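The next block holds one structure in the form of structure tokens; read it before the comments.
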Amino acid sequence: MNKEKYLERFNAALIQENFLQNLAELQSLHMQNIPFENLDVIRKTPIYLNTENIYDKIVNHHRGGYCYELNGLFHWLLKQLNFDAKLISATVQKPDGTWSKADTHAAILVKLDTLYLVDAGFGDSTISPIPIGGERHTDHSGTYRVEKADELFYDLIREKDDTEKLLYRFATTEKQLADFHEGCVFNQVSKNSPFTHDDLITRTTADGRITLSGHQLTRSENGNKEKIELSSADKKRVLKEEFGIDWDALGK
């Protein structure tokens, strides 16, 4: 595992100082160049919570992953760069307001002048560190804040189009990657997992997001959204051109 090769994978340079703007740039570049994707889940290729295996997949084989892989490896990198970073668990709120299986999302907290929530593995979400304390941050996907829910938990909230959505709830207790084993298995095999139904791959762009779901490509730019239905041949081409993934190299 080589941090310079990992940085090169997402077009980032080796930083010299641990400032907020450096952390923000690393997160943004990571989310632009390493997609959130469930292609192994759909093909029943087992995902193991081992940083060496994840590194090989993401760096050597130019793949993406889901939260355990993306945030697990990004956390390793931040520690290598001497950031004060720790993994945490979160519980996702579904669009209908019910809760997903508890503590099955992995995210990162980084301590700088204050604590910041850093998440490179939540799909369509913020591309920047969010301070723990209620201050708002806006990017092209919405306006975000972290609010204290009670004595133990915090909520990540997105404001968009005059509505508020609670995305997930988390505690600040440090976790190890192995602590997410049960959640990782659940999200690979359960019919109640959002990742076991069809191909999903998404990455942020400089001014929006591009997402491939099944055979539908959605491109968002400056608030405008375009959806295109793809043939199987088009899907393979888009996977390579937009996400750098070779369809023929995937497990069947």
Find the centroid of the Cα atoms in region 168-226 and in region 31-53, then give the distance between the two in whole Å. 11 Å
Under the rule rounded for a/c under 1.5, else prolate if a/b exceeds b/c, else oblate, using alpha carbon gyration tensor axes a ≥ b ≥ c, region 100-159 is classed as rounded
Filter on LYS3/LYS79; LYS44/LYS79; LYS3/LYS101 - keep pairs with C-alpha separation over 21 Å: LYS44/LYS79; LYS3/LYS101
Sparsely packed GluC sites (Glu not before Pro) within region 165-241, loop by DSSP, other Cβ within 10 Å at most 12: GLU174
Which entries in the list LYS148/LYS191; LYS57/LYS160; LYS57/LYS175; LYS160/LYS227 go over 28 Å, if you measure between the two C-alpha atoms of each? LYS148/LYS191; LYS57/LYS160
Read phi for every residue in region 92-108 and hand back ³J(HN,Hα) as whole Hz from Karplus 6.51 cos²θ - 1.76 cosθ + 1.60, θ = phi - 60°, with x for Gly and Pro. 7, 8, 6, x, 7, x, 7, 9, 6, 4, 4, 6, 9, 10, 9, 9, 9
By the Cα gyration tensor axes a ≥ b ≥ c (a/c under 1.5 gives rounded; else a/b larger than b/c gives prolate, otherwise oblate), the shape of the chain is rounded
Are there trypsin sites (Lys or Arg not before Pro) in region 112-179 that DSSP marks as loop and that have at most 15 other Cβ atoms within 10 Å, and which are they? ARG136
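Rule-based calculations on the coordinates, nothing more; no lab input. In this text the structure is predicted, and so the values were computed from the model without any measurement. Neighbour counts run over all protein chains shown; Cβ positions are idealised from the backbone, glycine included.
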